[in-house]
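Step one of this worksheet: look at the structure below.
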4 protein chains.
Amino acid sequence: MHGIGPPLATPFTREGDLDTDRLRRLVEWVESRGVDFLVPCGSNGETELMTADERARVIEVVAEEASVPVLAGTGSPGLRETLAATDRAASAGADGALVVTPFYYGHDDETLEAYYRDVADASDLPVYLYSVPVYTDVALDPVVVGRLAEHPNVAGMKDTTSDLATFQRKRVLTEDADFDLFVGTAGVLAHALDAGADGGVLALANVAPSACAEMLARHRAGDHDAARRLNRRLLDLNRTITAEYGVPGLKAAMRFLDAPVGYSRRPHHEVGDDAREAVEAQVSAVADLLD
Amino acid sequence: MHGIGPPLATPFTREGDLDTDRLRRLVEWVESRGVDFLVPCGSNGETELMTADERARVIEVVAEEASVPVLAGTGSPGLRETLAATDRAASAGADGALVVTPFYYGHDDETLEAYYRDVADASDLPVYLYSVPVYTDVALDPVVVGRLAEHPNVAGMKDTTSDLATFQRKRVLTEDADFDLFVGTAGVLAHALDAGADGGVLALANVAPSACAEMLARHRAGDHDAARRLNRRLLDLNRTITAEYGVPGLKAAMRFLDAPVGYSRRPHHEVGDDAREAVEAQVSAVADLLD
Amino acid sequence: MHGIGPPLATPFTREGDLDTDRLRRLVEWVESRGVDFLVPCGSNGETELMTADERARVIEVVAEEASVPVLAGTGSPGLRETLAATDRAASAGADGALVVTPFYYGHDDETLEAYYRDVADASDLPVYLYSVPVYTDVALDPVVVGRLAEHPNVAGMKDTTSDLATFQRKRVLTEDADFDLFVGTAGVLAHALDAGADGGVLALANVAPSACAEMLARHRAGDHDAARRLNRRLLDLNRTITAEYGVPGLKAAMRFLDAPVGYSRRPHHEVGDDAREAVEAQVSAVADLLD
Amino acid sequence: MHGIGPPLATPFTREGDLDTDRLRRLVEWVESRGVDFLVPCGSNGETELMTADERARVIEVVAEEASVPVLAGTGSPGLRETLAATDRAASAGADGALVVTPFYYGHDDETLEAYYRDVADASDLPVYLYSVPVYTDVALDPVVVGRLAEHPNVAGMKDTTSDLATFQRKRVLTEDADFDLFVGTAGVLAHALDAGADGGVLALANVAPSACAEMLARHRAGDHDAARRLNRRLLDLNRTITAEYGVPGLKAAMRFLDAPVGYSRRPHHEVGDDAREAVEAQVSAVADLLD
């Protein structure tokens, strides 16, 4: 997998029910704006707030609607649930499994590596590592990533970090492998591409898929400066929908753009008026990039 | 609920299957050593490594076997799953629901408070708050605890902390409410009782239930010094089975004592030989307290 | 050294000059309220905001005025400056040297232990370890403390922690040595005494020396419950003058009590009106304990 | 100031005395390898382990020997000492003052901003902000940086971070000011230049000044890819002499290159044999870049 993939927001109704009708339309809404693949059941999909059945259903619906590859989030703290979710994603037609580092219980590097080997050995889908310390308090060590990259069924990684030093190390240590290294935050997309990223799995690609795609296109066309100028313009919007207001902020931005994204699920709450206005102001400030 | 409750280890077979036969015998093993209540599906139960159905099954089995009250862990990151698990625990005959702070996504104090109010409003069981920052990276603020204590269906808290300053504040701020405040780590049990704790929900109560019960008995009998001397003697064993080796260390200690506890589930691995010997040495060092 | 010692606030004029006249009167003000020793140049003395000469002068003045023993803060990030400050403190008549863990540069346990051995070997004064992670980001490991306690010139420790589990471990591991273990936060004084502390070096002992002394007296008289009730009543005031408003809050509280403490030095600023009123309200709430 | 500046290591004798003879030769050694300015008394200079007089002496010697501009580290936790050190640096002929965020005591953003305004108002030298959370646990907020950049005597910043997202924000928020933004870690130099950095103040520029200069030259020549390839090759050496072994590792690397750098001062210790060999292996691996 290469290019830009949104960790797709999951539409819920105001009452918090899964809204598969909107989900279908959201696939279309995002795809029509130029993304390369879709990532249902990532962190921005409020996956941890859904049952195993709901997660499987989301992946199924996305796989049905998608005309681009599907990288399905299937990780849980426990190996068994991860394997079961991965099987269901494979049956639903996903093209890869994105497996978050097992969280809640802390694990040492050796245990994390063994876990990923177990998943990769058992999975019918190519496995992508997923390191997202902001949620899990665990950052995969570059050396562990390098070793795992040699496993024939480990295909890549989503690395949610703004630290370009460790990101470069992961690129260096996976260079000889067939390993798709995605950066997980739009705040450094252009720089991560400069560092050898194969693309990005980006919350921002829900709100501004075309702008993310444009950054990649500029980069690929050799106009790295233009890619970085775009990156810089999108910094504030990206912060607003991630660090500042989280998924409810992301959804407020999408609703402002008339994306069929619905609402959040508890304990998430919709953002208040001040936050909504702040989000909308950020969206408006880059309106020219959001066509 | 008052007194000592073990967050019961969940027996798995070597293959990682839930071992309800051992679980039944474990209830008997622990109860016969003098605990006041049982806490299936706490953190030490490897709950995050089980499906919702398995969790419900564990609670059901424990409720069937127990002759003491059952405080069932029912918290998940999402409100819906928490409510569903709480309903199942109520149907299974549990006496209270222990609800961990919603993890993975970060939430501010206002959201955490609203979440617990939603749970308490909807639950047929009295709700116990559960703050365990070592796993969740979230510590419930004492002021929030104080406000929640006034809710008629919030009955208490398990507070996994060694910080006696904030623990005292929680006691002060819940003093006027009917609120059972349990400390969550045996390393400070005697001191927490001195500070007004109503008891403890303690990993160590899986390994050394009678010693924990004895600490409480000494405290209640007014011999606080004796309680603290016991506390001090158990410090190293407690560290070994929690901070140092985690649940696999806890299970190694229990197997050494012939408790019917079985094995851990992946990604947990059984401890290696060195760790096992260290655990066993700690158990042996306090053998006189473990009858 | 035993009992209660305030890490004495250092009076500055409004312009930020060292105010030795007020300092002399402050020694009298505090001593007359019943403390057992004095600790000039601790963290609450804004020591890091003074030159080496000023620090030496503060210790000199306090040693001249004091009729109780003087434990002088002499630690710096570098060994040489620590040794020089310790020499000057010895010449000034101090009775012990309180040496903070070397900060700024991070050091491993081995380096920290070697550093303290170097200091203790060279010092004419008995050396007290000082662990205060809130300022230094370093917590001395209990095992290192236990080893250092065996050095003939290491006489004790100020441990600024509310964690009664590690505090107990330090007590256990120094039990066979002649080692004065002081707790460094009033929020857990009574409990630390229960755990075997020899006393406390407490910011609160600047504001409420008699109340701190009373806690100790009740404890020594065997009325541990009364000590803990006092502890509990002082929790909020203690938080206000430490965690919440820091040294400027401490000085606002002291000025409200007409203590000759003067003002803070930059970058510290005097607290604003809201903070000052909050501080004064906390002082007033325990006025009956402050005679 | 623009380009590459090493935070110059301070030579000490084996006994820990300041070695001004070696320091003079070190200035020559580094300058001859192509740096644009010199930074005596930065973190890598073991400044916190020296007296105020020694620091002033180091700056004096460097200013005497240097044929490039001198940006002198003059920050302390206290305003007075910072102002005094800045005055002495000005008298010694330094061209700018690098002022670390006041550490030890925690300060809020408002206090940090007021502190820098006070320094800039009083200083005869242009002031450079210095944010280095690895040592101080404080990261200057980009918005505060943006406001300070408008002060006529705030001339720039050394930002020791690998986070290219916040680094970009600082660039954006200081764009309209005359503000030299230096990155403080060689691990991301090429990328920071891509993001608009005016250069770097880099520990690595002590060991590999010419390689750092070459990165900058390639960047300025428009061959950003070549700059990044160099960056990538230097990642491991940079980690070894910073995160892994700190200043003693840095000095071991320099001694291996026959730089007149001498030894470290306590509590720093020389690295052991294993570490020394690891450092030397890293140096050897990029020997072709170190001419």
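The values are calculated or read from the model by the stated rules, or taken from the named source; none is laboratory data. The shown structure was predicted, so the numbers you read here are calculated from the model rather than taken from an experiment. Virtual Cβ from ideal backbone geometry, glycine too; neighbours counted across all protein chains shown.
Residues that are basic (Lys, Arg) and buried (at least 23 other Cβ atoms within 10 Å of the Cβ), at least 1 per element: which strands (runs of 3 or more DSSP E) completely within region A:90-187 meet that?
Numbers: elements: A:96-100, A:127-131, A:154-159, A:180-183.
Ranges flagged: A:154-159.
Would you mention how many residues in region B:176-189 are within 18 Å of residue B:226 (Cβ to Cβ) and within 8 Å of chain C (Cβ to nearest Cβ)?
Number of matching residues: 2.
Go through region C:128-154 and give me each residue that's aliphatic (A, V, I, L, M) and either touching a Gly at 6+ places or on another chain (Cβ under 7 Å) or at positive phi (or both). Let's see the steps before the verdict.
Restricting attention to region C:128-154, the residues satisfying the condition of being aliphatic (A, V, I, L, M) are C:129, C:132, C:134, C:138-140, C:143-145, C:148-149, C:154.
Scanning region C:128-154 gives a single hit, C:132.
Can you name the condition, by its number, that residue C:270 falls short on among (1) farther than 14 Å from residue C:204 by Cβ; (2) surrounded by 17 or more Cβ atoms within 10 Å (Cβ to Cβ); (3) within 14 Å of another protein chain (Cβ to nearest Cβ)?
With respect to (1) farther than 14 Å from residue C:204 by Cβ; (2) surrounded by 17 or more Cβ atoms within 10 Å (Cβ to Cβ); (3) within 14 Å of another protein chain (Cβ to nearest Cβ), residue C:270 is out only on (2).
Quick check: anything in region D:190-202 out of contact with any helix residue (DSSP H, G or I) (no Cβ under 9 Å at 6 or more places or on another chain) and in contact (Cβ under 8 Å) with a residue 12 or more places away in the chain?
Residues of region D:190-202 out of contact with any helix residue (DSSP H, G or I) (no Cβ under 9 Å at 6 or more places or on another chain): D:198, D:201.
Retained after the next criterion (residues that are in contact (Cβ under 8 Å) with a residue 12 or more places away in the chain): D:198, D:201.
Yes: region D:190-202 contains one or more residues that are out of contact with any helix residue (DSSP H, G or I) (no Cβ under 9 Å at 6 or more places or on another chain) and in contact (Cβ under 8 Å) with a residue 12 or more places away in the chain.
Hey, among the residues in region C:194-203 that are more than 11 Å from chain B (Cβ to nearest Cβ) and either over 19 Å from residue C:133 (Cβ atoms) or polar (S, T, N, Q) (or both), which one's surrounded by the most Cβ atoms within 10 Å (Cβ to Cβ)? Spell out how you get there, then give the answer.
Step one: filter region C:194-203 for residues more than 11 Å from chain B (Cβ to nearest Cβ), giving C:197-203.
Now drop any that are not either over 19 Å from residue C:133 (Cβ atoms) or polar (S, T, N, Q) (or both), which leaves C:198-199.
Details: C:198: 18, C:199: 26.
It comes out as C:199.
For a quick check of your reading of the model, give me the residue pairs whose first member lies in region C:104-119 and is free of Cβ contacts under 8 Å to residues at least 24 places away in the same chain, whose second is buried (at least 16 other Cβ atoms within 10 Å of the Cβ), with beta-carbon atoms closer than 6 Å and at least 6 apart or on different chains.
C:111/D:267
Look at residue D:49 and say whether it is touching a Gly at 6+ places or on another chain (Cβ under 7 Å), of a type in the set (A, V, I, L, M) and under 22 Å from residue D:127 (Cα atoms).
On the way: touching a Gly at 6+ places or on another chain (Cβ under 7 Å): yes; of a type in the set (A, V, I, L, M): yes; under 22 Å from residue D:127 (Cα atoms): no.
So residue D:49 does not fit the description; no.
Which one of the conditions (1) of a type in the set (Asp, Glu); (2) more than 14 Å from every other protein chain (Cβ to nearest Cβ); (3) under 18 Å from the mean Cα position of the chain (by Cα) does residue A:46 fail to meet, given that it meets all the rest?
Failed condition: (2).
Let me confirm something: among B:290, B:235, which residue is hydrophobic (A, V, I, L, M, F, W, C) and under 18 Å from residue C:195 (Cβ atoms)? Quick ask: steps written out before the conclusion?
Working: B:290 fails: under 18 Å from residue C:195 (Cβ atoms).
Just one listed residue meets the conditions, B:235.
Can you name every residue in region C:204-228 that is charged (D, E, K, R) and within 10 Å of another protein chain (Cβ to nearest Cβ)?
The initial filter retains those residues of region C:204-228 that are charged (D, E, K, R), namely C:214, C:218, C:220, C:223, C:225, C:228.
Of everything in region C:204-228, those that are charged (D, E, K, R) and within 10 Å of another protein chain (Cβ to nearest Cβ) turn out to be C:225, C:228.
Name the one entry in B:164, B:173, B:181 that is closer than 18 Å to residue B:143 by Cα and touching a Pro at 6+ places or on another chain (Cβ under 9 Å).
B:173
Just to be sure, is residue C:165 modelled with pLDDT of 95 or more, touching a Ser or Thr at 6+ places or on another chain (Cβ under 9 Å) and among the small types (Gly, Ala, Ser)? Please lay out each step first, then the result.
Values: modelled with pLDDT of 95 or more: yes; touching a Ser or Thr at 6+ places or on another chain (Cβ under 9 Å): yes; among the small types (Gly, Ala, Ser): yes.
Answer is yes for this residue.
Can you confirm whether region A:226-249 contains a residue that is under 22 Å from residue A:69 (Cβ atoms), without any contact (Cβ under 8 Å) to a residue 40 or more places away in the chain and surrounded by fewer than 24 Cβ atoms within 10 Å (Cβ to Cβ)? Outline the logic, then answer.
Filtering region A:226-249 for residues under 22 Å from residue A:69 (Cβ atoms) gives none.
Looking through region A:226-249, none of the residues is under 22 Å from residue A:69 (Cβ atoms), without any contact (Cβ under 8 Å) to a residue 40 or more places away in the chain and surrounded by fewer than 24 Cβ atoms within 10 Å (Cβ to Cβ).
For region C:52-91, give me the residue count where each residue is within 17 Å of residue C:125 (Cα to Cα) and within 10 Å of another protein chain (Cβ to nearest Cβ).
The total comes to 7.
Which of the residues belonging to region D:24-57 are in a helix (DSSP H, G or I) and free of Cβ contacts under 8 Å to residues at least 40 places away in the same chain?
Within region D:24-57, the first condition is being in a helix (DSSP H, G or I), and the residues that meet it are D:24-31, D:43-45, D:47-49, D:52-57.
Listed by number, the residues that qualify are D:27, D:28, D:31, D:45, D:47, D:48, D:52, D:53, D:54, D:55, D:56, D:57.
Residue under question is residue C:16, and the condition is that it be surrounded by fewer than 19 Cβ atoms within 10 Å (Cβ to Cβ), assigned to a loop (DSSP other than H, G, I, E, B) and either within 14 Å of chain D (Cβ to nearest Cβ) or at pLDDT 95 or above (or both); does it hold?
Values: surrounded by fewer than 19 Cβ atoms within 10 Å (Cβ to Cβ): yes; assigned to a loop (DSSP other than H, G, I, E, B): yes; either within 14 Å of chain D (Cβ to nearest Cβ) or at pLDDT 95 or above (or both): yes.
In short, yes.
Just a yes or no: is a residue in region D:35-42 more than 24 Å from residue D:156 (Cβ to Cβ) and surrounded by fewer than 23 Cβ atoms within 10 Å (Cβ to Cβ)?
Step one: of region D:35-42, the residues more than 24 Å from residue D:156 (Cβ to Cβ) are none.
No - not one qualifying residue is present in region D:35-42.
Give me the pairs, please: first residue somewhere in region D:1-22 and free of Cβ contacts under 8 Å to residues at least 24 places away in the same chain, second residue anywhere and aromatic (Phe, Trp, Tyr) and crowded, with 20+ Cβ neighbours inside 10 Å, beta-carbon distance under 9 Å, and either six or more positions apart or on two chains.
Matching pairs, first to second residue: D:15/D:263.
Going by what's in this entry, would residue D:93 be described as at positive phi, over 18 Å from the mean Cα position of the chain (by Cα) and modelled with pLDDT of 95 or more? Break it down stepwise before answering.
Numbers: at positive phi: yes; over 18 Å from the mean Cα position of the chain (by Cα): yes; modelled with pLDDT of 95 or more: yes.
So residue D:93 passes the test.
Being assigned to a strand (DSSP E or B) and surrounded by 20 or more Cβ atoms within 10 Å (Cβ to Cβ) narrows it down to one residue among B:72, B:85; which is it? Let's see the steps before the verdict.
Working: B:85 fails: assigned to a strand (DSSP E or B).
Among B:72, B:85, only B:72 is assigned to a strand (DSSP E or B) and surrounded by 20 or more Cβ atoms within 10 Å (Cβ to Cβ).
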